[in-house]
Amino acid sequence: MKKSALCILLLSLCLLTSCKESEPRKAVAQSSDSPALSSIERNKEQNKAEELLLKEYMSQDSLKHYISSNQGFWYIYEHQNVRDSIRPKKGDLVEYSYEVADLAGNVLYSKADIGVKSYLVDQEDLLIGLRQGLKLMKKKEEITFVFPSHLAYGYSGDQDKIGINQPLVYRVQLIDIQNEK
């Protein structure tokens with residue numbers, strides 16, 4: 001009888017404690033300045049400062065007229081192919097060479113360092129700026145692109161010669177376009 005009385009007592013105790021209403025959690029005070037908002041503001045300020053630097057860079061050579069792209073970078077033709085109208089499209093294989101310089105004109109990576117590259121248009125990973133720039137080019141053209149950092153290596157740099165948030169100048173030559181077959 002003692003065992004059954006003990007069991008009933010334990011069962012009653014369990015029932016009483018399980019019927020207790022749950023209390024709502026109290027709200028944690030949050031500041032109105034969320035990390036996302038401060039990050040957005042920081043990015044806006046960074047972009048404005050970079051744009052001023054890029055415009056200053058482009059204005060230093062009054063003989064060249066830089067074209068503003070819809071993708072957020074600028075470019076000039078060093079050698080333009082006026083005979084051909086074919087530009088790379090998705091799935092085409094392009095061969096190209098390029099060099100990378102900073103805004104002071106220091107070559108960070110030369111064409112000899114990099115060599116000739118190939119790229120399947122819009123099907124392989126490539127820097128955003130270079131990916132968009134190659135699609136503007138025709139075979140045998142040379143173009144100098146001026147990329148803000150967010151279209152190049154952005155916040156991370158390349159962990160070697162390219163710094164964090166560094167705008168870059170790419171001198172690109174499109175060697176060949178092989179159509180997708």
Those strands (runs of 3 or more DSSP E) lying entirely in region 93-181 with at least 1 residues closer than 16 Å to Trp74 by Cβ and touching a residue at least 60 places away in the same chain (Cβ under 8 Å): 93-101, 142-147, 168-178
Count, please, the residues in region 131-153 that happen to be out of contact with any helix residue (DSSP H, G or I) (no Cβ under 8 Å at 6 or more places or on another chain), buried (at least 20 other Cβ atoms within 10 Å of the Cβ) and under 11 Å from Leu168 (Cα atoms). 1
Hits in region 82-107 - residues which are surrounded by 15 or more Cβ atoms within 10 Å (Cβ to Cβ) and of a type in the set (Asp, Glu): Asp92, Glu95, Glu99, Asp102
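Select from region 108-126 the residues that are of a type in the set (A, V, I, L, M, F, W, C) and surrounded by fewer than 17 Cβ atoms within 10 Å (Cβ to Cβ) and write down the one among them that is farthest from Tyr57 (Cα to Cα). Please lay out each step first, then the result.
The initial filter retains those residues of region 108-126 that are of a type in the set (A, V, I, L, M, F, W, C), namely 108, 112, 114, 116, 120-121, 126.
With the extra rule that they be surrounded by fewer than 17 Cβ atoms within 10 Å (Cβ to Cβ), the set shrinks to 112, 114, 116, 120, 126.
On the way: Ala112: 25, Ile114: 25, Val116: 28, Leu120: 32, Leu126: 25 Å.
Applying the filter and picking the extreme gives Leu120.
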Taking the stated definitions as given, is Gln46 among the polar types (S, T, N, Q), touching a Lys or Arg at 6+ places or on another chain (Cβ under 8 Å) and touching a residue at least 24 places away in the same chain (Cβ under 8 Å)? no
I'd like to check something: does region 54-65 contain any residue that is at pLDDT below 90, out of contact with any Gly (no Cβ under 7 Å at 6 or more places or on another chain) and of a type in the set (A, V, I, L, M, F, W, C)? yes
Among the numbered criteria (1) crowded, with 20+ Cβ neighbours inside 10 Å; (2) within 12 Å of the chain's Cα centre (by Cα); (3) not charged (D, E, K, R), which single criterion is violated by Val169? (2)
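The values are calculated or read from the model by the stated rules, or taken from the named source; none is laboratory data. What you see is a predicted model; the values in this text were computed from it and never measured. With ideal geometry, Cβ positions are generated from the backbone for all residues, glycine too; neighbour counts draw on all protein chains shown.
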